[in-house]
Every structure is written in structure tokens, then in C-alpha cells.
Amino acid sequence: MIYDVIIIGSGPAGLSAAIYAQRAELTNIVIEKTGMSGGQIINTYEVDNYPGTPGISGFDLSVKFREHCDKLNTTFINGEVVEFKLEDDIKVVILDDGTRYQAKTIIIASGGLPRHLNVPGEERLSGLGVSYCATCDGAFFKNKTVAVVGGGDVAVEDAIFLSRICERVYVIHRRDEFRAIKSSVNKLLKNDNVTVLWDSVVESINGTETVDSLDIKNVKTGETSNLKVEGVFIAVGYIPNSQIFKDIVATDESGYIIAGESCETNVPGIFAAGDIRTKDLRQIITAASDGANAITAVERYLNQN
């Protein structure tokens with residue numbers, strides 16, 4: 001069977017695209033790698049900026065998205081896309097089990113993976129005090145001292161979450177101000193058990209069996225210090241999951257697929273939606289908007305071809 005559209009990824013962009021595809025009566029499938037819909041928002045403790053759902057957890061919001069898709073009888077396929085190629089005007093997706101799917105159009109909504117610090121000790125102690133998901137692993141550090149590395153929305157949200165269960169939270173940021181939204185920053189700075197280390201970077205993560213300290217450097221003074229912590233949560237951005245597509249569609253220097261608000265790439269019939277595409281704001285609401293825009297562009301492409 002040749003589908004009208006295959007949607008790769010089941011985060012907010014992919015789920016939104018699926019809803020719009022079903023309503024447009026386009027033949028489609030959604031391919032999700034983990035077998036659980038929602039993407040990164042599954043690991044978000046609290047979502048307070050998605051309209052109509054103040055204070056909802058990321059997990060609960062993702063469940064609502066998936067339930068909407070299920071109500072429309074969306075077909076989900078579990079598997080990892082390992083190869084993508086073009087056969088004339090047909091797009092071919094090959095999964096890790098060798099299954100091939102064909103479509104007239106593709107929406108790439110595969111999101112990204114947490115960026116690493118690439119410092120000594122990080123890889124060795126991953127899962128042994130080094131974490132990239134505060135809401136996943138925070139409970140293991142109840143009443144302990146931890147650090148959060150980063151200065152964006154995710155880092156600040158992680159630090160707020162951890163401040164509720166940890167004895168002390170250090171936030172290590174290489175600049176002298178946060179990039180996160182002000183309301184979250186203000187909430188963070190009101191916590192008496194939070195200490196911000198400005199203009200600082202982690203040079204190494206130390207410990208024998210588990211994390212026991214961090215070597216810190218002040219980027220302005222050059223001064224180094226050792227910070228005793230029992231865990232470190234790294235929130236310094238994401239790497240887009242665009243590797244298997246980069247030889248087919250254009251990407252920027254960071255690997256994000258170049259696409260505008262219509263989600264159209266440089267290759268006709270291929271669209272990029274959500275965190276994987278070039279954009280100024282990566283939020284749940286903009287990802288969901290991308291899904292709707294992508295299907296609108298898909299319909300236009302199908303009508304013209």
C-alpha cells in the first residue's frame with residue numbers, strides 16, 4: 001500500500017499531524033520508536049503554558065493527545081526508522097525489523113536527544129548519578145544535594161521540580177542570566193534551597209561508583225572549585241534526530257531540518273515538524289501548530305501532484 005502520508009514521530013507535532021490527517025481523510029500511519037506517545041513532554045513534570053490545561057503534567061497531556069488520535073482510529077506502528085530513501089516520487093521508510101512502508105509524502109517529526117557535556121566522567125557515571133531527565137530520576141535523590149546544568153526552560157523547570165524533593169539544588173549556568181521565561185526564573189529564585197552558580201561550567205564529573213562531586217570553572221575569572229553533589233542533571237539542549245535524513249533534505253549547521261512555517265523542506269513531498277525543524281521557539285504549542293501546518297501543506301502537495 002502507498003499511503004498519502006507517513007508521520008515519523010509521536011510527539012506533539014506527530015500527534016497533531018495525525019489528528020489533522022485523519023480528519024482530512026488522508027491514508028496515514030504514525031511510526032513511533034518507543035511504543036509510548038508524547039515525545040519529550042512525557043518527562044515534563046508540569047506544563048503551565050499550553051492553553052486550557054494549566055498545571056497539567058506532561059504525561060497526562062501526552063495521554064490526552066494520544067486518546068484524541070485513538071478516538072479517530074489512527075494507526076500506530078512501533079519501530080525505529082533506520083533507512084529513508086526516494087524511489088521517484090515515492091518515499092520509502094524502512095524500519096529496524098526490515099519492514100518497508102511507502103507514501104506519497106512524509107512528515108518528519110522525530111524530535112531530538114539530550115545534548116551531552118562531553119566532560120570526563122559523564123559517560124562512565126551515566127545512570128549512576130548523571131541524568132538527563134529530572135522527572136524520570138529525581139525521586140532517587142530525595143533529600144540529597146544535586147546540581148542542574150543549563151540555563152534554558154528545561155534546566156529551570158528541572159531545578160524547580162528538584163527543589164521540591166532535594167535538600168539543596170545548585171544550578172550551574174555558563175552565562176550571567178537565564179534564557180528561560182521570566183515567570184519560571186522568578187519561581188526558581190524564590191526557593192531558599194536553590195543556589196545559582198553564574199558564569200560557570202562543569203569541567204569533570206567525579207565519583208568511583210556514583211557521582212560525588214563536580215569540578216567547576218568560572219569562565220570569567222578562571223577560578224576552579226570542587227562542588228560536592230550526589231547527582232547531576234544535564235539540561236543543555238537537544239540534538240535533532242535528523243541523521244538518516246540529512247543526505248536527502250537540507251539541514252543547518254546544528255542538524256535541524258531547514259523548513260519554514262509551512263513545514264516544507266527543499267525536497268517536494270517531505271515536511272519537517274516540531275523540534276526537528278529550524279524555528280525560534282520550540283514549545284508544545286508550536287510543535288502542535290507545526291503538525292497542523294504540515295498536513296495543510298501535504299494536502300496542497302497531493303492536490304497539485
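Readers should treat all values here as calculations from the given coordinates under stated rules, not as data from a laboratory. Owing to the predicted nature of the structure, the values given are computational and were not obtained by experimental measurement. Cβ placement follows ideal geometry from the backbone for every residue including glycine, while neighbour counts extend to all protein chains displayed.
One equal scatterer on each Cα of the stretch 130-234, no solvent, Debye formula: the resulting log10 I(q)/I(0) at q = 0.10, 0.17, 0.24 Å⁻¹ is -0.24, -0.71, -1.37. Reported to the nearest whole Å, the Cα centre-to-centre distance from the stretch 127-182 to the stretch 206-251 is 13. If you model the chain as an ellipsoid using its alpha carbon gyration tensor, with each semi-axis the square root of five times an eigenvalue, the axes come out at 38, 20, 17 Å, biggest first.
Counting Lys +1, Arg +1, Asp -1, Glu -1, what net charge surrounds K228 among other residues with beta carbon under 13 Å of its beta carbon? Overall, the nearby charge balance is -2. Computed per residue of the chain from DSSP H runs no shorter than four, each worth -39500 (n - 2.57), the mean residue ellipticity at 222 nm is -7000 deg cm²/dmol. Other residues whose C-beta falls under 11 angstrom from the C-beta of H116 contribute a net charge of -1, scoring Lys and Arg +1 and Asp and Glu -1.
A cut-off under 12 angstrom between Cβ atoms defines the neighbours of A294, and their net charge, with Lys, Arg +1 and Asp, Glu -1, is -2. Cα centroids of the stretch 281-301 and the stretch 1-75: 12 Å apart.
Relative to the longest principal axis of the Cα atoms of the chain, the long axis of helix 153-163 lies at roughly 50 degrees. Using the Karplus relation 6.51 cos²θ - 1.76 cosθ + 1.60 with θ = phi - 60°, the per-residue 3J(HN,Hα) values for the stretch 236-241 come to 10, x, 10, 9, x, 7 Hz, with x marking Gly and Pro. Which percent of the Cα-Cα distances in the stretch 1-89 go past 19 Å? I get 42 percent for the Cα pairs in the stretch 1-89 exceeding 19 Å. For the set K33/K144; K33/K104; K142/K182, the pairs lying more than 29 angstrom apart at their alpha carbons are K33/K144. The overall shape of the stretch 256-304, judged from the alpha-carbon gyration tensor, is oblate: a/c is not under 1.5, and a/b is no greater than b/c.
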